[in-house]
Amino acid sequence: MNTVSYSGILPQFHLDHILRLTDDTGIVQHAIYSIPNYHEGYCLDDNARALLMATMVYQKSKDKIALRLISRYLAYINYAQNPDGTFRNFMAFDRRFLDDVGSEDAFGRAIWALGYTIAHAPENAYLEAARQIFFKSVPQFGQLRSIRSIATTILGITYYLKYHSTDDRITSLLHQLMHKLYDEYQLNRQANWHWYESLLAYDNAFLPLAMIRAARTLKDDSCRKVGYESLAFLEKHTMQKGYLRPVGNNGWFKHNQEIATFDQQPVDAMASVLLYIEAYRDCSDQHYFRLARTAFMWFHGENDLHLSLYDAETGGCCDGLGRDGINRNQGAESTLAYLIAYLAIEQRTYVRNVTAHQI
């Protein structure tokens, strides 16, 4: 795997590995190297990320393959939804669901993807399908307790409100969820700890991202301040070496303890890219766009081991950065994290057109 230097030019984008992992049901969770691992089946989390990614591709290029993928992932999410608006998450390869109700984190990722699809639907049929699933889930919004689920649900709501700003019911729910995050921040904040809980764990960047985005939507200066204060705290602890060092999941970062260096996950690099792009969009400070590019280059070798996780030959992304090297399996979560980060960077730089290969 070759590293690249970021000079405003991104490597060639292609969907080869996504197409390899996707079948008539949806996207398979895991891979053995670059080969789909059918033993592990499917999950809502990855099909939600895949829906987001495919919609981003179509938004950019109007690619017909992306259009077909949107339908496939949206169908999985629809099939996973329970009558009460919750979702099942894990499905075996024979299409048997393995749980009755999935995690709140999976719920939030689905709402994030649905909101984005509503905002950028390629055709009316996709818009109406996404709206139906989204609104069936609305009664669950106020019941959420996981701060990460709250954050990604906030993202989905803000995308929805971008084109439905007069919907007072959804606006009220956004207020409610934003202030849940705000209250958690105030409860856990200390002089040297500007965060929403007593540790930095996974998907950290989604928390300040959601605060900044919600605050801009609702024009709330106090929550915007919290968003930037927590962003600065995260930046201090993950960008201190001049490159991105995500909090490792082998121990996390607990208050008054040492930060875990490994194992670093692609989803955290993706979240960091999205956070800094959001901050740049919000205040036009070039510092944040530079941070977004730095976070993206984590995938291409600007990391603790100077190893690229992106495989240009397969189009896949390796599953993590460990103390002794990279996990060379190229699962859906990791590859989608890379592609979403890529597309977010590209939207800001307008480097090249996105092309998708034929199935």
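Calculated mean residue ellipticity, 222 nm, the chain: -17500 deg cm²/dmol, from DSSP H runs (n ≥ 4) at -39500 (n - 2.57) each, averaged per residue and rounded to 500. Of HIS39, HIS194, the order by accessible heavy-atom surface (1.4 Å probe, DNA, RNA and ligands excluded), from most exposed downward, is HIS39, HIS194. The residues of the range 32-109 present an accessible area of 43 Å² per residue when probed at 1.4 Å with all protein chains retained. Descending by average beta-carbon neighbour count within 10 Å, the peptides 140-153, 122-135 line up as 140-153, 122-135, the highest first. Overall shape: prolate for the range 40-87, with the ratio a/c of the largest to smallest alpha carbon gyration tensor axis at 1.5 or above and a/b above b/c. Using the average count of surrounding beta-carbon atoms within 10 Å as a protection proxy, the listed peptides 266-274, 60-68, 310-318 rank, highest first, as 266-274, 310-318, 60-68. Shape of the chain from the C-alpha gyration tensor: rounded (a/c under 1.5, with a ≥ b ≥ c the square roots of its eigenvalues).
Please label the shape of the range 87-195 as rounded, prolate or oblate, based on the square roots a ≥ b ≥ c of the eigenvalues of the alpha-carbon gyration tensor (a/c under 1.5 means rounded; beyond that, a/b larger than b/c means prolate, else oblate). Taking the square roots of the gyration eigenvalues as a ≥ b ≥ c, the range 87-195 is oblate. In the context of the full protein assembly, TRP193 retains an accessible surface of approximately 10 Å², using a probe radius of 1.4 Å and ignoring ligands and nucleic acids.
The values are calculated or read from the model by the stated rules, or taken from the named source; none is laboratory data. All values reported here derive from a predicted model rather than from experimental measurement. Here the Cβ is made from the backbone with ideal geometry for all residues, glycine too, and neighbour counts use every protein chain on show. With ligands, DNA and RNA removed, areas are computed over all heavy atoms of the protein, side chains included. Shrake-Rupley method; radii C 1.70, N 1.55, O 1.52, S 1.80 Å.
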